[in-house]
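K.L.:
Structure below; questions to follow.
No value in this document is a laboratory result; all are computed from the given coordinates. Bear in mind that the values here come from a model prediction, so they are computed numbers and not experimental data. Cβ: placed from backbone, ideal geometry, glycine included. Neighbour counts: every protein chain shown.
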Amino acid sequence: MVQAPQFSWRFLLPKYWLLWLGAAVLWLISWLPYSVLMALGSAFGRLLYKLLKSRRKVAKRNIELCFPQMSAAEQTLLVKRNFEETGKALFDTIIGWWWPNWRFTKLAQFTGYEHIQAAQAEGKGVLLLAAHFLHLEAAGRVFGLTHPSVGFYRPHNNPLMDYLQYHGRIRSNKYMIGKRDVKGLIAALNQGEVCFYLPDQDYGRNRSEFVPFFAVPDAATTTGTLLFANAANCIVLPIVTSRLAGNNGYQVEILPALTPFPTGDDKADVHRVNQWVEQAVLRHPEQYMWLHRRFKTRPDPSAPSLYKGAR
């Protein structure tokens with residue numbers, strides 16, 4: 001468990017004024033109706049589509065690699081919808097961090113809680129496998145309203161932003177653990193906590209296996225899931241989060257435990273994790289974080305990048 005960032009009087013220095021101003025403007029905007037916030041998010045996403053050319057290329061390339069069966073027009077449409085969801089993510093964040101419970105509960109739907117109850121009835125912690133969906137900040141709040149949890153995160157380099165991020169993310173939840181604090185997460189699981197872990201990005205060659213992810217046969221996939229599952233007294237439960245249609249908020253669904261897991265076959269186990277991520281993504285592919293260079297690490301370090309020359 002990292003020490004929770006504390007307010008410091010240095011945050012009032014001029015170098016932080018612009019960040020305070022931005023946060024204040026967003027806080028005021030957050031009081032607009034949810035439907036208006038989502039409309040603003042879509043418009044912001046369309047602007048980002050035009051401005052963030054390098055990220056647009058990454059998203060387009062990821063979708064080309066994962067869904068080669070799609071026509072070029074379908075791929076382009078998915079990229080555009082993904083950027084609209086990316087724009088909404090800003091407002092998901094301020095909603096998740098700042099809305100009071102009485103307002104946020106109207107947007108929260110939670111199913112599958114019995115799987116967590118069953119695990120804890122056995123005296124076990126719960127390792128929740130989540131995926132990088134763009135609405136994750138709001139989904140974490142949904143989860144916390146039913147069962148306050150522990151998060152695994154990367155502290156921000158800006159101390160004021162880290163303070164805002166940390167305390168925003170533990171709204172309705174317990175505490176956060178730094179992403180390098182492996183022992184801390186294992187200890188939390190052994191204490192019976194419910195802990196979030198996101199295994200679906202490219203974390204580099206170390207502690208990874210190259211297994212299929214959609215149509216890419218050799219995606220670098222972390223074995224961190226297996227490390228925690230082996231070292232801690234816990235059960236591994238996949239979690240699927242969704243933004244609901246019609247501005248109806250967010251849904252969190254807990255799925256049955258992965259059993260047996262792990263099996264001792266690392267490649268098979270992390271491939272199984274990827275298959276679960278694929279199933280979650282296919283529900284709402286436009287809501288997934290395609291802007292990340294998911295396939296930057298290649299089995300052969302000298303092989304050309306899959307993103308080289310992407311348009």
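K.L.:
Under a point-charge model restricted to the Cβ atoms of Lys and Arg (+1) and Asp and Glu (-1), what is the dipole moment magnitude of the chain relative to its Cα centre, in debye to the nearest 20?
P.N.:
1280
K.L.:
Which of CYS234, CYS195, CYS66 moves most in a GNM of the chain, Cα contacts under 10 Å?
P.N.:
Checking each option, the largest mean-square fluctuation is seen for CYS66.
K.L.:
Calculate one ³J(HN,Hα) per residue across segment 38-55 by plugging θ = phi - 60° into the Karplus curve 6.51 cos²θ - 1.76 cosθ + 1.60, and present them in order as whole Hz with x for glycine and proline.
P.N.:
After applying 6.51 cos²θ - 1.76 cosθ + 1.60, I find 5, 5, 4, x, 4, 5, 4, x, 5, 5, 4, 4, 7, 8, 8, 5, 5, 5 Hz.
K.L.:
Can you compute the helix-only [θ] at 222 nm over the chain? Use -39500 (n - 2.57) per DSSP H run of at least 4 residues, normalise by all residues, nearest 500 deg cm²/dmol.
P.N.:
Helices in the chain give a 222 nm mean residue ellipticity of -14500 deg cm²/dmol.
K.L.:
Cβ neighbours within 10 Å, averaged per peptide: list 24-37, 145-158 in order, most packed at the top.
P.N.:
145-158, 24-37
K.L.:
Given springs between every Cα pair under 10 Å in a Gaussian network model of the chain, which of GLY22, GLY168, GLY41 has the largest fluctuation?
P.N.:
GLY22
K.L.:
Any idea what the relative contact order of the chain is, in percent, if you count C-alpha pairs under 8 Å spaced at least 6 apart?
P.N.:
Over the chain, the number comes to 24 percent.
K.L.:
If each residue of separation counts as 0.36 nm, what is the full-extension length gain between ARG205 and TRP102 once their alpha-carbon separation is subtracted?
P.N.:
The ARG205-TRP102 span can extend by a further 32.6 nm.
K.L.:
How big is the antiparallel share of DSSP beta bridges in segment 10-287, given as a percent to the nearest 5?
P.N.:
Here the antiparallel bridges make up roughly 35 percent for segment 10-287.
K.L.:
Right, another one. Check PHE213: other-chain or 5+ apart residues with amide H under 5 Å from its amide H, H built from backbone geometry?
P.N.:
Residues meeting the amide H criterion: ASP218, ALA219.
K.L.:
Once you have the Cα-Cα distance between PHE11 and ALA39, take 0.36 nm times their residue separation minus that, and quote the gain in nm to one decimal.
P.N.:
The span from PHE11 to ALA39 would gain 6.8 nm if fully extended.
K.L.:
Tell me, rounded to the nearest percent, the portion of alpha carbon pairs in the chain spaced more than 34 Å apart.
P.N.:
Taking all Cα-Cα pairs of the chain, the fraction more than 34 Å apart is 23 percent.
K.L.:
Assuming R0 = 45 Å, can you tell me the calculated FRET efficiency for the pair ALA118 and THR76, based on Cβ-Cβ distance, to the nearest 0.05?
P.N.:
0.55
K.L.:
Each residue of segment 124-139 in order: what ³J(HN,Hα) in whole Hz does its phi give by Karplus 6.51 cos²θ - 1.76 cosθ + 1.60, θ = phi - 60°, with x for Gly and Pro?
P.N.:
Whole-Hz 3J(HN,Hα) from phi for segment 124-139: 10, x, 10, 9, 8, 8, 10, 10, 7, 8, 5, 9, 4, 4, 6, 5.
K.L.:
Could you tell me the calculated FRET efficiency between ARG293 and ARG46, based on Cβ-Cβ distance and R0 = 25 angstrom, to the nearest 0.05?
P.N.:
The computed FRET efficiency comes out at 0.65.
K.L.:
Check cross-link reach from LYS80 to the lysines: straight Cα distance under 20 Å, and skip same-chain residues fewer than eight apart.
P.N.:
Within the straight-line cut-off, LYS80 pairs with LYS50, LYS53, LYS57, LYS60, LYS88.
K.L.:
Determine the relative contact order of segment 1-91: mean sequence separation of Cα pairs under 8 Å and six or more apart, normalised by residue count, in whole percent.
P.N.:
39
K.L.:
Can you list residues from other chains, or at least 5 along the same chain, whose modelled amide H is less than 5 Å from the amide H of TYR175?
P.N.:
Placed amide hydrogens put GLY151 under 5 Å from TYR175.
K.L.:
Now, a different point. Going by how many other Cβ atoms sit within 10 Å of their own, how do GLU122, GLU209 line up, fewest first?
P.N.:
Ascending number of Cβ neighbours within 10 Å: GLU122, GLU209.
K.L.:
Measure out, as a whole number of angstrom, how far apart the alpha-carbon centroids of segment 213-250 and segment 81-145 sit.
P.N.:
A separation of 13 Å, based on Cα centres.
K.L.:
Same structure, new question: Spelling out what I want: for every residue of segment 272-282, take phi, set θ = phi - 60°, compute 6.51 cos²θ - 1.76 cosθ + 1.60 (Karplus), and round to whole Hz; glycine and proline get x.
P.N.:
5, 4, 4, 5, 5, 4, 4, 4, 5, 5, 5
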